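Bear in mind that the values in this text are calculations on the coordinates, not laboratory data. Treat the numbers as computed from the prediction; the structure is a model and nothing was measured. All Cβ positions, glycine included, derive from the backbone under ideal geometry; neighbour counts span all protein chains shown.
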Amino acid sequence: MPRYGKTIYTLIEFGTDKICVMYGTRGESGRPEVLSFAQRPSAGSVYKGAIHDCNAAMKILAQTFKDADQSLRFSSSERGPVFFLLNGPGITARQGGGSVMIGGTDKTVTPDHVSEAIERAKSLPSSADQVNFGIFDSYFVINGTTRIKDPIGKLADRLDAFVHILSVDRKRIDQVNAMLRELGFEQGGSAMSAAIASVFSVLTYEERDMGALLVDMGSGVTTYAVVTGDGAQFSGVIPVGVNNIANDLHVGLDLPFEFCLSFLRESRLRKLRETGVGFLEYSDRAHSRLRRIPLDSFEKIIGERLRETFGFIRTAVEPALPDIGTGCVLTGGGSMIDSACDILGGIMEMRVRRGEPGAHDGAMTEFQSAPCCYSALFGMLEYALISESEDSGRFGIGQSLVGFIDGVFSKWKKTAGGLGI
Amino acid sequence: MNGPEKSSMSKVLILGIGGTGCGVVRRLKNSGLAENFDTAVVDTDSSALEGHPADRCIPASSDWILKDGVGCGGDVIRGERALARERATLTALLRGYDLIVVTAGLGGGTATGGLRTVASVIRGLGTPSVFLVTLPFAFEAFSRRRNAEACIDELLPLADILLTIPDDLLFSRLSPDCSASEAFDLASSELAATVGGIASVLRSRGLAGADFAVFMSALRGHRCSCGIGTGTAEPSEGLDRAPLALERMLDSPFLGGQEYLKSSDSAIIVLSGGTDLTLAEMKRTMEQAASLLPSQAETLLGTAVEPGIKGQIRLTAIAIHYQEEPEPRAGRHAAPPRRASRTKAEKARPEENSGSGLFVQGELGLTSFSRGIFDRLPLVRYHEMDLDVPTFQRRDLNIDKGS
């Protein structure tokens, strides 16, 4: 039994901009509590959400762990299951389906029927080099006609279960597990999709139930997920992020890239518009002159990129549009760009709100300036805590994880038992 | 005269941009068609604004320092810069309206360059907008047509409704020996009548069966050419006003004729009249108008009673021809294929194989794109596209880098 008394989760994010380590648990209030957090710039070791330079990423991760461990009030041996976010291109999302005939005289769907249908749905074959790392309930259909969220207790002759399956090249998971083992995590860690993780921290229960599209625009990539009836319908990754928008400004207006990035992050376009001026005065030292750049040029470049990116998302989720009952939620660093919400609303023709992780306890100071940039990380913590609860009792993203998380827990418990904790 | 009934779009502004736009607003004011509207004009040519009857005249200078007011010489970048500079003034001017109707002729500098700024300001204010623009005649320079098309591409995502009217539709009315100046004059007067008609229809909520939102959804985001016809008739012209108004509508030069209406992909027809407009007249007129439309076209029909129109009836038709299959909006955002542009060597070379007997090897004029900070990083394709190349480059858009 850990001296701290609770399960402590270790959460890792390999982002294009930063590598983060967070320790979290369930706080006294029942809310997620951050025990410790550290981050360091990725410095090019991660590109488009995927690890590009393993050695460099390893060094940065080790330093980040060292920073995070400094404020620990518990022994590092008490660290519990490890989760890490998987992102970037190369992640495939598919819909799997499985059927089961309902026997018995009363034709009532039981939990065993549901488990069997889900097992069959998961058995969608994938290529030998791919591994399934995330399987989430989508929805159930009874008698081939009626779509339903919770089929238990319903009368039916046949039950179909549809699940959302995420798979990736197994080398990517092996690569991270090798890094974790080198850092002392003997059991490695469990991968989670960044696209789905953000759902847990940003969407309200009503939004997940009534249907919502979540878009998380990070530095290197933009992820999206459609959740309806508390089940995942679509998810995906577009290899475009805030860095691309800054790069467009850099190329289009002959401005330094870092200047363009800070221009976007500090919402300088909106601030300049509020002053009533129509241009930005930039001291071009290379050419020894003061240049006046119309703000409309910034708006045009940013607008074109955002419209294109959101247009791709619209095409990808077109079949699910009628199921989105509430609207879109935009999170991530990209949500801080002026006009991003407006453009997303125009493309999707829906209401849009900016999303941030919900309230958490603990060491939150680091997140106060831009909590939306950590939506996936907080989502991973919530995901871990949902599975910990024995009363989750609800079908959907939460419930279907139980079997998956059980596997993770049993590995950890074995190790903890062996260590006499 | 009694004031107009309060409708959801009681405060309407007609805004003219550039030379054509200013001319249209001038005609509207002089003919009395703009009685119930506010009007404003914006131009880089200060001489065009002198003595202009519009309620507000905004001069925009393409030179930020000199403020010379001599126009932008057909330069799109200068036109863009001029209106960008006046953005704060435009924002103050356009605030507080229920509907803004913008009119301009594309192909030159002021409107072609500046309309995007206007659309952006209107969108920022959250006001519904209708852009009625003309495309250059075929006999005008190719560059004007190309600039006009580029402007339309930029306006499509920003404008609620964008109606593009090819000036060439006027050829159905022009006589073969008509001069160019007469052609431009006719274009301007017809456009003025059209703008007045559209603004009246939208202001009076004339689309009783289909409100502005439905009107918008039929047109929003679609690249289309429109023919617009307006026909009016007074009781003094005969007992039966309706067929007369219909005939005049069909005769409108900007409608492109009955054939253009018959072959449209979508059509909107609105009948407006005063309080003496009878139900029988309404029914007969709309039935006759509807019979002119193709059966498979999507049609919106509506009627409106405007107390300000005493005795007159007005029939307005908009025939919409989609320029491409209305595709999912995101499809429009797919990058176009790289366009080959002529290299300097190619442009300098005299006509090859001109019969001199010498074969001159050609060159592929490929444009190189910059990937900026991603230049040395691996290529990550998405649907066969390299998204690290800036979007504006792949779409060949002009960007003003300032001066």
*Once the Cα gyration tensor of region B:8-203 is found, what semi-axes does its equivalent ellipsoid get, as square roots of 5 times the eigenvalues, in whole Å, sorted largest first?*
23, 20, 16
*asked:* Running a GNM on chain A with Cα contacts under 10 Å, which residue among A:Asn55, A:Asn132, A:Asn244 ends up with the highest mean-square fluctuation?
replied: A:Asn55
_With Cα atoms, 0 to 90° folded angle of helix A:111-122 axis to chain A main axis_ = 50 degrees
*Give me a single rounded figure for B:374-383: the average over its residues of other chain Cβ atoms within 10 Å of their Cβ.*
4
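Within 10 Å of each Cβ in peptide A:301-310, how many partner chain Cβ atoms are there on average? Round it to a whole number, please. Intermediate results must be reported in sequence, preceding the final value.
On the way: counts 6, 2, 7, 12, 4, 1, 7, 11, 5, 3.
Per residue, the average neighbour count from other chains is 6.
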*When averaged across all projection directions, what area in nm² does the alpha-carbon convex hull of region B:58-161 cover?*
6.3 nm²
*On Cα atoms only, tilt of A:295-317 relative to the major axis of chain A in degrees*: 20 degrees
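Anything over 19 Å Cα to Cα? Flag those among A:Lys48/A:Lys171; B:Lys11/B:Lys283; A:Lys107/A:Lys154, in the order listed.
Details: A:Lys48/A:Lys171 17 Å; B:Lys11/B:Lys283 30 Å; A:Lys107/A:Lys154 8 Å.
Result: B:Lys11/B:Lys283 exceed 19 Å.
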*In whole angstrom, and with the biggest value first, how far do the Cα coordinates of region A:92-168 range along each principal axis?*
44, 19, 17
*First check a/c for region B:226-326, with a ≥ b ≥ c the square roots of the eigenvalues of its C-alpha gyration tensor; if it is under 1.5, answer rounded, and if not, answer prolate when a/b is larger than b/c or oblate otherwise.*
prolate
_Taking the 0 to 90 degree range and rounding to the nearest ten, how far is the long axis of helix A:170-182 tilted relative to the main principal axis of chain A, both from C-alpha atoms?_
90 degrees
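By count of other Cβ within 10 Å, fewest leading, how are A:Tyr282, A:Tyr139, A:Tyr47 ordered?
Details: A:Tyr282 17, A:Tyr139 23, A:Tyr47 20.
Fewest-to-most Cβ neighbours within 10 Å comes out as A:Tyr282, A:Tyr47, A:Tyr139.
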*Out of A:Asp69, A:Asp254, A:Asp169, any idea which swings most in a Gaussian network model of chain A, alpha carbons joined below 10 Å?*
A:Asp254
*State to the nearest 20 debye the size of the charge dipole of region B:226-326 about its Cα centre, where the only charges are +1 on K and R beta carbons and -1 on D and E beta carbons.*
260 debye
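Would you mind putting B:257-266, A:317-326, B:97-106 in packing order, based on average other-beta-carbon counts within 10 Å, highest first? Kindly include the intermediate steps, with their values, before the conclusion.
Details: B:257-266: 17.9, A:317-326: 15.7, B:97-106: 24.9.
Highest mean packing first, the order is B:97-106, B:257-266, A:317-326.
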*Once phi is turned into θ = phi - 60°, what whole-Hz ³J(HN,Hα) does the Karplus curve with 6.51, -1.76 and 1.60 give for every residue of region A:187-199, x standing for Gly and Pro?*
8, x, x, 10, 7, 9, 6, 5, 4, 7, 4, 4, 4
